[in-house]
Amino acid sequence: MSALRRKFGEDYQVVNTNRSMTFSAPVKKKRQRFVEKNGRCNVQHGNLGGETSRYISDLFTTLVDLKWRWNLLIFILTYTVAWLVMASMWWVIAYIRGDLSNAGHESSYTPCVANVYNFPSAFLFFIETEATIGYGYRYITEKCPEGIILFLFQSLLGSIVDAFLIGCMFIKMSQPKKRAETLMFSQDAVISQRDGKLCLMFRVGNLRNSHMVSAQIRCKLIKSRQTPEGEFLPLDQCELDVGFGTGADQLFLVSPLTICHEINTKSPFFDLSQRSLMNEQFEIVVILEGIVETTGMTCQARTSYTEDEVLWGHRFLPVMSLEEGFFRVDYSQFHNTFEVPTPPYSVKEQEEKSSLTSPNPLPVAPTPSSPLLGNSSRGGRRERLLSADNADYADDQASRLPKKLQRMSSTKEEHLWRGLKTAPAFPGDRASSTGDLPLSIQRLRSSSITTVRQARPEEQVQLLSLDGDAEEGDLEKHRMSAAISNITVPTPAPVQIPFVGSRPEDNLPAKLRRMNADR
């Protein structure tokens, strides 16, 4: 039993029957989608109450949004009722004036409408007038002012009804919704690596030769979540970056394109792995909109991908091929994918692993203030110290340099040691090899040697390390600071001059005393 579960997973169950042992996976319920694959939003509005009057105030849009069967029904009923009402009004005028009873009896009698004897004849007169057929048999006379007024009202009402219903039908027929039927989206979305980065990708295509002007694509992640304050947000919408900053969301949709969303620290899929994808519940809504080239109207096509329709470690098959003189698109391979090697870890896990395996940076420690420079505060000058391990690492890096650079580095170190060995002990002495030292070492050496005092028999001179303003590239000076940190300089004993007389002139030689006396 345990072996079977390890092989088929925890979702599979073993069912014992009378005949044999079979394996069956639990049927997963069909997930409720927010947006269907055809782009229809699965949302119904209920309990509007008194807000239904808003639909009547925008009657034209309400009629356009209705289905075709309701539009045709309203179209037929409107014209039928209008014709019957207007024909009844003409029949009422003829009945009141007595045209129905006197018609055809007296030749000298002038009716309101000639040759109108009953309701069918009144209906035919209205249809001839409304459709401007004008057979010439039925006509209105000048002896009927009420008929003239009704004729004007009929013309105005007919024009309004024609404009309203015909315009509504025209707008409904020219709606760009049908243009969206020729815009294709791939059945599945895939997650794989592109340019060394984990990306979520899907494919879009245009079946028509006419282009979509200013085509732009957007993606929304719809997922329920709970805020840190405890508020539950059902179907929270989050934007997915598909190239807003780089302009990749602006499409030239002549051939099928693969839209890519890079999964990084700003992506909501930053911690999504192949294992966690099985337990997630989300929906990706894709919105493609542009201007139809033939009509100039804005068209919008939509689709969605649930977590079951996101394939980890897959890539789309190519559909473009080069023929003689043109490029051919094979739409039979539009939805097909194939597996590619893809790490099953999330981007967050990959970054954590790479940070653990990366080498440690060189430590930077503060340098205590130097008493010789008169700086006793802790926030004074600082220097960079190298540990023993990092010194070995620096030696390894130096050994990788070319031979010419290694010889130049070794020559520099020899000059530095030679200058330190031949340096005089007193500040007054001069050495011909002082010029071999770098200028920063000469300044530090001259400032570090103190004057001769009689109270101290000897004094230790320390070579100061470079502070932050000095050159950071001289690693040799830092490595040598430990070896030459203490240099003992003996202080010579003061010369004792004997005093012969009580005055200073008595201690001078005889010749100098005579010259002083002559002056």
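The values are calculated or read from the model by the stated rules, or taken from the named source; none is laboratory data. For clarity, every value in this text was computed on a predicted model and none was experimentally measured. Note that we place each Cβ from the backbone using ideal geometry, even for glycine, and neighbour counts take in every protein chain shown. Surface accessibility is based on the protein's heavy atoms, side chains included, excluding ligands, DNA and RNA. Shrake-Rupley method; radii C 1.70, N 1.55, O 1.52, S 1.80 Å.
A few points about this structure:
- Lone qualifier among G247, G325, G313 - being free of Cβ contacts under 8 Å to residues at least 12 places away in the same chain and open to solvent by less than 50 Å² (accessible area, probe 1.4 Å): G247
- Breaking point among (1) in a strand (DSSP E or B); (2) under 17 Å from K37 (Cα atoms); (3) open to solvent by 70 Å² or more (accessible area, probe 1.4 Å), for I287: (3)
- Inter-residue pairs, beta-carbon under 9 Å, first aromatic (F, W, Y) and in the range 224-240, second in a strand (DSSP E or B) and open to solvent by less than 100 Å² (accessible area, probe 1.4 Å), 6+ apart: F232/S224
- Any hit, the range 226-244, residues being under 24 Å from A180 (Cβ atoms), assigned to a strand (DSSP E or B), in contact with an Asp or Glu (Cβ under 9 Å, 6 or more places away or on another chain) and of a type outside the set (S, T, Y): yes
- Residues in the range 17-40 that are at pLDDT 80 or above, open to solvent by less than 60 Å² (accessible area, probe 1.4 Å) and of a type outside the set (F, W, Y) were compared, and the one that is farthest from C168 (Cα to Cα) is R33.
- Condition check for L183: open to solvent by 50 Å² or more (accessible area, probe 1.4 Å), out of contact with any helix residue (DSSP H, G or I) (no Cβ under 9 Å at 6 or more places or on another chain), within 17 Å of E36 (Cα to Cα) and among the hydrophobic types (A, V, I, L, M, F, W, C): no
- Every residue from the range 48-101 that is surrounded by fewer than 15 Cβ atoms within 10 Å (Cβ to Cβ), more than 18 Å from V161 (Cβ to Cβ) and among the aliphatic types (A, V, I, L, M): L48, V92, I96
- Test for Q193: is it within 28 Å of V340 (Cα to Cα), open to solvent by 20 Å² or more (accessible area, probe 1.4 Å) and either free of Cβ contacts under 8 Å to residues at least 40 places away in the same chain or not in a strand (DSSP E or B) (or both): no
- When the range 149-158 is filtered for residues that are without any contact (Cβ under 8 Å) to a residue 40 or more places away in the chain and surrounded by 14 or more Cβ atoms within 10 Å (Cβ to Cβ), only F151 remains.
- Meets criteria (outside any loop (DSSP other than H, G, I, E, B) and modelled with pLDDT under 80) for T61: no
- Count - residues of the range 130-148 that are closer than 17 Å to V85 by Cβ and open to solvent by 30 Å² or more (accessible area, probe 1.4 Å): 3
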